[in-house]
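Q: My questions all concern the structure below.
The values are calculated or read from the model by the stated rules, or taken from the named source; none is laboratory data. This is a predicted model, so every value here is computed, not measured. Don't worry about glycine lacking a Cβ; one is built from the backbone with ideal geometry, like all the others, and counts go over all protein chains shown.
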Amino acid sequence: MLPSELLFSYKRGAQLYPRFLRHEQHVWADQVLSVIRAHQHRPRGELQCALRALEGDSPDYRIVRGFAHLALNDAEFSLATGELEPEALRRELFALAAARGAHSETQAREVLEIVAPRYQLEIETLREALYADLPENHLLAVLPDFTPDRLIDRYNLAQAQGSPYSAPSLRLTAHRNVPGEYRRLFQHLKFHGLMYAVEGHLDDGYQIYVDGPASLFKQTRKYGLQMAMFLPALLRISRWELEAILQRDGQELRYRLDSQSPLKSLKPAPPAFDSLLEETFARRWDKLGTAWQLEREVEIVDLKGTVFVPDFALRHLNGQIAHIEIMGFWHPDYLRRKLDKLRRAAMPNLIVAVSDRLNVGAEDFRDIPGPVIFFKGKLEPRQVLAVLEPGTL
């Protein structure tokens, strides 16, 4: 995130847009990273002076600061004193100086000459160690893991995150996406602890209404931050739009972003499967050569406030469709939430495959309308195939 003074936006009528970098401004990313690299193992204060010098009198000085802010958030600083504790060292030297009545620079040096041999240090090294715990004296230990292009992407994303940070609500539209992308989107909404409602369906897309911090009984910085941190999850899906209503200087403005914005995900695409258990099952199914085609996450069931996405769909050449949900992860809360979703989804054509590691039995699934099968170790495709015999679903 960038502080408010480093955020840029512009208005067109009642519309508010983030101001992304122009191509000629990209050069600052490389220059900022070059300055940082040149100051590895040097004090933070020296680095900050060099970055201010880079700003000079350029009209892009706030862009330089923005790049530096984001890059240094990814860096690591450390003390240069090893096992020495500067605060304890100061107490020792100040007590000795007070006892000797030392007031002049010459007398202070005499105190340093007395103490330095105890720590096997040169006098000037000891003097530097006295205040090594001050932030400006911390040494740049680990360089930020950024290339210029990646830092540019991070900067543009931070600009996009800044405006909706305090929005009363967000409206997200996700449409014409791969079903698995929807599932990950809803997982991110839950991961960030956001309150939301869902409308729509797979064919036309989903409208997702996210409550912002202003909708709570008390605005919370933490909730607003989580809402901003959720934005990168949108970049993982193919087609999306985001809208928010903001209040600026007594004026109501509409803020909008969509999948055509020059924003890029900073993380690699997630794996195709959520677990090795699912991946193994899919690979073994493909080897069966049956009339049932296995497809990944193609059904989304709206449960009013959340969704249920079965792991797989099975589509027969005759048009029949079945779904599979594999339960192999054990955690009491996971079991409670999963069983609740299965009951609310009420899908008679859903096969629930349950690992014996879960310590549950048929009684726990008595009100689940579809077939339930139990397996040991790996889920055998032929167990599922047996349930799919004509007339069984």
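Q: Looking at region 55-74, is at least one residue assigned to a helix (DSSP H, G or I), of a type outside the set (Ser, Thr, Tyr) and out of contact with any helix residue (DSSP H, G or I) (no Cβ under 8 Å at 6 or more places or on another chain)?
A: Yes: region 55-74 contains one or more residues that are assigned to a helix (DSSP H, G or I), of a type outside the set (Ser, Thr, Tyr) and out of contact with any helix residue (DSSP H, G or I) (no Cβ under 8 Å at 6 or more places or on another chain).
Q: Also, I was wondering about something else. In region 84-102, is there at least one residue being at positive phi and more than 45 Å from the chain's Cα centre (by Cα)?
A: yes
Q: Continuing with the same structure: How many of the residues in region 118-136 are outside any loop (DSSP other than H, G, I, E, B) and under 14 Å from Glu87 (Cα atoms)?
A: Counting residues in region 118-136 that are outside any loop (DSSP other than H, G, I, E, B) and under 14 Å from Glu87 (Cα atoms) gives 6.
Q: A follow-up question, please. May I ask you to list pairs of residues, at least six apart or on different chains, whose Cβ atoms are under 8 Å apart, with the first in region 44-73 being closer than 25 Å to Leu134 by Cβ and the second being surrounded by fewer than 13 Cβ atoms within 10 Å (Cβ to Cβ)?
A: Arg44/Pro135; Arg44/Glu136; Gly45/Glu136; Gln48/Glu136; Ala50/Ala38; Val64/Ser58; His69/Pro3
Q: Would you call Arg90 out of contact with any Pro (no Cβ under 8 Å at 6 or more places or on another chain), under 24 Å from Ser78 (Cβ atoms), of a type in the set (Lys, Arg) and surrounded by 13 or more Cβ atoms within 10 Å (Cβ to Cβ)?
A: Criteria met by Arg90.
Q: So which of Ala71, Ala75 ends up being buried (at least 17 other Cβ atoms within 10 Å of the Cβ) and in contact with a strand residue (DSSP E or B) (Cβ under 8 Å, 6 or more places away or on another chain)?
A: The unique qualifying residue is Ala75.
Q: Something else about it: For region 341-360, check the following and say yes or no: at least one residue is of a type in the set (D, E, K, R), free of Cβ contacts under 8 Å to residues at least 24 places away in the same chain and more than 28 Å from Gly289 (Cα to Cα).
A: No, because not a single residue in region 341-360 is of a type in the set (D, E, K, R), free of Cβ contacts under 8 Å to residues at least 24 places away in the same chain and more than 28 Å from Gly289 (Cα to Cα).
Q: Another question about this same structure. Take the conditions β-branched (Val, Ile, Thr) and exposed (fewer than 12 other Cβ atoms within 10 Å of the Cβ) and apply them to Thr81. Does it pass?
A: For Thr81, the condition - β-branched (Val, Ile, Thr) and exposed (fewer than 12 other Cβ atoms within 10 Å of the Cβ) - is not met.
Q: From the list Gly180, Gly162, Gly193, which residue is assigned to a loop (DSSP other than H, G, I, E, B) and either touching a Cys at 6+ places or on another chain (Cβ under 7 Å) or not hydrophobic (A, V, I, L, M, F, W, C) (or both)?
A: Testing whether each residue is assigned to a loop (DSSP other than H, G, I, E, B) and either touching a Cys at 6+ places or on another chain (Cβ under 7 Å) or not hydrophobic (A, V, I, L, M, F, W, C) (or both) leaves just Gly193.
Q: Take the residues of region 10-22 that are over 23 Å from the mean Cα position of the chain (by Cα) and surrounded by 10 or more Cβ atoms within 10 Å (Cβ to Cβ): which is farthest from Leu157 (Cα to Cα)?
A: Ala14
Q: Separate question: Output the residues belonging to region 142-159 that are surrounded by fewer than 18 Cβ atoms within 10 Å (Cβ to Cβ), of a type in the set (Asp, Glu) and either in a helix (DSSP H, G or I) or modelled with pLDDT under 90 (or both).
A: Within region 142-159, just Asp149 meets the criteria.
Q: On the basis of being surrounded by 13 or more Cβ atoms within 10 Å (Cβ to Cβ) and among the small types (Gly, Ala, Ser), does Gly56 make the cut?
A: no
Q: Check region 29-50 and report whether any residue there is under 21 Å from Gly162 (Cα atoms) and either surrounded by 14 or more Cβ atoms within 10 Å (Cβ to Cβ) or among the hydroxyl-bearing types (Ser, Thr, Tyr) (or both).
A: yes
Q: Only one residue in Val115, Val111 is surrounded by 16 or more Cβ atoms within 10 Å (Cβ to Cβ), part of a helix (DSSP H, G or I), in contact with an Asp or Glu (Cβ under 7 Å, 6 or more places away or on another chain) and among the β-branched types (Val, Ile, Thr), so which one is that?
A: Val115
Q: Now for a different question. Going by the structure shown, is Asp133 within 29 Å of His41 (Cα to Cα), acidic (Asp, Glu) and modelled with pLDDT under 90?
A: In short, yes.
Q: Looking only at region 1-17, which residues are of a type outside the set (A, V, I, L, M) and touching a Ser or Thr at 6+ places or on another chain (Cβ under 9 Å)?
A: Ser9, Tyr17
Q: Which strands (runs of 3 or more DSSP E) sit wholly inside region 291-372 and have at least 3 residues that are of a type in the set (Phe, Trp, Tyr), touching a Lys or Arg at 6+ places or on another chain (Cβ under 9 Å) and surrounded by 17 or more Cβ atoms within 10 Å (Cβ to Cβ)?
A: Where strands (runs of 3 or more DSSP E) fall fully within region 291-372, none carries at least 3 residues being of a type in the set (Phe, Trp, Tyr), touching a Lys or Arg at 6+ places or on another chain (Cβ under 9 Å) and surrounded by 17 or more Cβ atoms within 10 Å (Cβ to Cβ).
Q: Would you confirm, using the coordinates I've provided, whether Leu194 is crowded, with 16+ Cβ neighbours inside 10 Å, free of Cβ contacts under 8 Å to residues at least 40 places away in the same chain and farther than 29 Å from Ala75 by Cα?
A: Yes: the conditions hold for Leu194.
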